[in-house]
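The structure appears right after this line, and notes come after that.
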Amino acid sequence: MAAPASVLFVCTGNVCRSPAAELLLRDLLLRRGADDVAVSSAGTHALVGAGVAGPTATLLRQLGVDASGFRARQLRPQDVGAADLVVTMTREQRAAVVRAEPRAVRRTFTLLELATLVQADVEPGSRGGPARGPAPTTGWAQLPAVATANRGLCLGRLDDVDVTDPYRRPERVHRQVLATVAAAVETVARAVPPAGSR
């Protein structure tokens with residue numbers, strides 16, 4: 001049996017956006033019965049050992065996702081090197097990841113960029129014709145290649161690809177950010193067929 005693919009989410013403090021993405025994707029994969037991907041997160045300036053920020057943890061709990069065992073950790077070059085897919089929350093974080101590990105350039109995307117790129121593969125008319133859908137053999141480790149191949153389909157749609165940092169901001173900002181992250185994670189996950197159907 002092949003080793004599971006690995007997805008690494010990255011934000012600044014690793015207490016709001018990236019843990020939300022990690023926990024939401026884990027929950028989604030659990031519900032799909034998928035065990036072929038390892039999901040983690042880290043921060044470029046992590047609040048090491050801290051739990052998920054209160055408002056985000058509360059909102060996750062309302063979605064049925066338990067964040068109580070989560071602890072923030074600092075991003076290390078070896079984490080990036082080991083990941084098949086690195087997903088940041090901003091272009092600045094994407095640049096920081098690539099500076100730390102230049103070989104990760106082709107497998108590092110912002111979350112909103114990745115969601116846009118993989119969605120281009122399934123949207124009707126994305127190439128002027130019917131939807132192609134993801135290749136049947138596409139798995140998590142191959143997702144960066146699919147996303148990169150779709151860049152030309154998304155010109156002009158990749159300008160606003162940063163997810164706002166809600167840390168120490170009002171609850172409504174956490175709610176908006178979590179909704180954005182959840183929708184993007186769902187879009188990305190939908191682009192990868194369950195392991196049994198590949």
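Among the residues of region 35-56, those identified as surrounded by 20 or more Cβ atoms within 10 Å (Cβ to Cβ) and either among the hydrophobic types (A, V, I, L, M, F, W, C) or in contact (Cβ under 8 Å) with a residue 40 or more places away in the chain (or both) are 37, 39, 42, 44, 46, 52, 53, 55, 56.
Could you tell me whether region 56-76 includes any residue that is within 15 Å of the chain's Cα centre (by Cα) and in a strand (DSSP E or B)? No: region 56-76 contains no residue that is within 15 Å of the chain's Cα centre (by Cα) and in a strand (DSSP E or B).
Restricting 82, 67, 100, 95 to residues that are surrounded by fewer than 23 Cβ atoms within 10 Å (Cβ to Cβ) and in contact (Cβ under 8 Å) with a residue 60 or more places away in the chain narrows the list to 82. The residues of region 36-58 that are farther than 25 Å from residue 108 by Cα and not small (Gly, Ala, Ser), listed by number, are 55, 58. Whenever a residue of region 171-195 is within 17 Å of residue 27 (Cβ to Cβ) and touching a residue at least 60 places away in the same chain (Cβ under 8 Å), its partners that are β-branched (Val, Ile, Thr) and part of a helix (DSSP H, G or I), lying with C-beta atoms within less than 6 angstrom and at least six residues away or across chains, give the pairs 188/118.
Residue under question is residue 6, and the condition is that it be touching a residue at least 40 places away in the same chain (Cβ under 8 Å) and either touching a strand residue (DSSP E or B) at 6+ places or on another chain (Cβ under 7 Å) or surrounded by fewer than 18 Cβ atoms within 10 Å (Cβ to Cβ) (or both); does it hold? Criteria met by residue 6. Given the criteria hydrophobic (A, V, I, L, M, F, W, C), in contact with a helix residue (DSSP H, G or I) (Cβ under 8 Å, 6 or more places away or on another chain) and within 17 Å of residue 12 (Cα to Cα), does residue 72 qualify? Judged against the criteria, residue 72 is a match. Taken as a whole, the structure places residue 192 among residues that are of a type outside the set (S, T, N, Q), closer than 23 Å to residue 19 by Cβ and modelled with pLDDT under 90. Being at pLDDT 95 or above, of a type in the set (Asp, Glu) and either part of a loop (DSSP other than H, G, I, E, B) or farther than 20 Å from residue 80 by Cα (or both) is the filter here; which residues of region 13-55 pass it? Across region 13-55, the qualifying residue is only 27. Could you check region 56-67 and list, in sequence order, the residues that are within 27 Å of residue 97 (Cα to Cα) and not aliphatic (A, V, I, L, M)? Across region 56-67, the qualifying residue is only 56.
The values are calculated or read from the model by the stated rules, or taken from the named source; none is laboratory data. This one's a predicted model, so the numbers in the text were calculated from it and none came from an experiment. Methodologically, a virtual Cβ is constructed for each residue, glycine included, from the backbone with ideal geometry; neighbour enumeration extends over all protein chains shown.
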